[in-house]
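Only one structure is covered here, and it is reproduced in the block below.
The values are calculated or read from the model by the stated rules, or taken from the named source; none is laboratory data. Predicted model, so just to flag it, every value in this text is computed and none were measured. Quick reminder, even Gly has a Cβ in these numbers, built from the backbone with ideal geometry, and neighbours come from all protein chains shown.
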Amino acid sequence: MSPEASILIGAHDAQRDVLASRNDVGVVVIGRNEGERLVRCLRSILAAGTPAGRVVYVDSGSTDGSVEAAGALGTSVISLDMSMPFTAARARNRGLDALLAAVPEVSLVQFIDGDCELEAGWLAAAAEAFAHSDALAALCGDLRERRPEASVYNRLADMEWKRPAGDVRHCGGIFAARCMAFRSVGGFDERIAAGEEPELCERLRAAGWKVQKTNVAMATHDLAMTRFAQWWTRAVRGGYGASKLTLFGPQSGRRIFRSQVRSAVIWAAGVPMAGVAGGAFLLMLGQPTTGVAAAMASLTLLGLQSFRLAAGGARAGLSTADATCFGLLSMLAKFAAIQGLIQCLADHVSVTRRDIASPKLRRFDKPAAGTAGGERA
């Protein structure tokens, strides 16, 4: 175990008093229509010892009173210009810009989403970890699901959040960062709709910085997912983002989801198409029985792969029922990813045609580094 992790594990609630006396730790929260979840999030940050003046909430077009609720708690509020294409990367960059403009002394920032609650001792413990490692640029801890018992989707997400401690390739969207390191590589790439965190970490590590994960509790996430339609929409969106980054993203990020996209193409497109094409060809040759068998073979391969994934879930500690769901959903996610891939390609063709027809029109224009980008405070 690294010295930084040992320091974090020894953190306790008394560190909140230490945090309140510091001026170098701030928090950026992003969200849209999170309602009561946002209120819980902001209250958890304030309860952890962070003064409201060092908390910035970036709203992306909420209509549920989120802006007013955040303002009532005393936090700074930034409303994104929604006439520009939204990305979480842009929201987080704007939040940090506003935070540093208000409190230039901030050297460490915690990024968190409005559907999460921060653990009481995390910020002070993370600050100590950064103080003991000048090479540390990004640090994440344990993320837990708020109600894993509510649905299989919540339970699988809870399992997804668990990763071993130590040096890691990347963090998720909830992590603490050294502001100087973050800005030295240009911050988040605002062109990236999904996967902006691992792409940032790729650039940080390439520049010689460290990215680490610790076993200390960092935050509780509230997925609140109880319906298949919610899960499918999330999976399609993930496939869209992974495809866009892999095919059209910056070179630093194209490898991150390459194997994931390749797997979806093989299992959700290649195997079924091969079975159908092979069966149709054999039917044309007058061999209906063999043709049907060829088509069924592709279904058998999909079933065996689902079983293999389920077995992996069981080894990770899932119950038999949850492991079975894990295997099935993992395979279905590949089909959702193909839908996302198709949508990504269609959008790319549409934007390309529009840019050819009107060269001055751009789907996204990245603001200059360090500017507020025309956002409304």
Which numbered condition in (1) modelled with pLDDT under 85; (2) within 29 Å of the chain's Cα centre (by Cα); (3) of a type in the set (Lys, Arg) is the only one that Lys334 fails? (1)
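Can you tell me which of Ala131, Ala135 is outside the structural domain of Ser319 (by TED's automatic domain parsing), in contact (Cβ under 8 Å) with a residue 40 or more places away in the chain, under 26 Å from Asp97 (Cβ atoms) and surrounded by fewer than 17 Cβ atoms within 10 Å (Cβ to Cβ)?
None of the other options fit; the residue is Ala135.
Residues checked against (1) in contact (Cβ under 8 Å) with a residue 12 or more places away in the chain; (2) in the same structural domain as Ala323 (by TED's automatic domain parsing); (3) surrounded by 18 or more Cβ atoms within 10 Å (Cβ to Cβ); (4) touching a Lys or Arg at 6+ places or on another chain (Cβ under 9 Å):
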position: Arg155; (1), (2), (3), (4): yes, no, yes, no
position: Asp158; (1), (2), (3), (4): yes, no, yes, yes
position: Ala165; (1), (2), (3), (4): yes, no, yes, yes
position: Met180; (1), (2), (3), (4): yes, no, no, no
position: Ile192; (1), (2), (3), (4): yes, no, yes, yes
position: Glu196; (1), (2), (3), (4): yes, no, yes, yes
position: Lys210; (1), (2), (3), (4): yes, no, yes, no
position: Met218; (1), (2), (3), (4): yes, no, yes, yes
position: Asp222; (1), (2), (3), (4): yes, no, yes, yes
Within the stretch 49-70, does at least one residue satisfy the condition of being in contact with a Lys or Arg (Cβ under 9 Å, 6 or more places away or on another chain), of a type in the set (Gly, Ala, Ser), within 20 Å of Val25 (Cα to Cα) and not in a loop (DSSP other than H, G, I, E, B)? no
Every residue in the stretch 275-330 that is closer than 20 Å to Trp231 by Cβ and not in a helix (DSSP H, G or I), please. Ala316, Leu318, Ser319
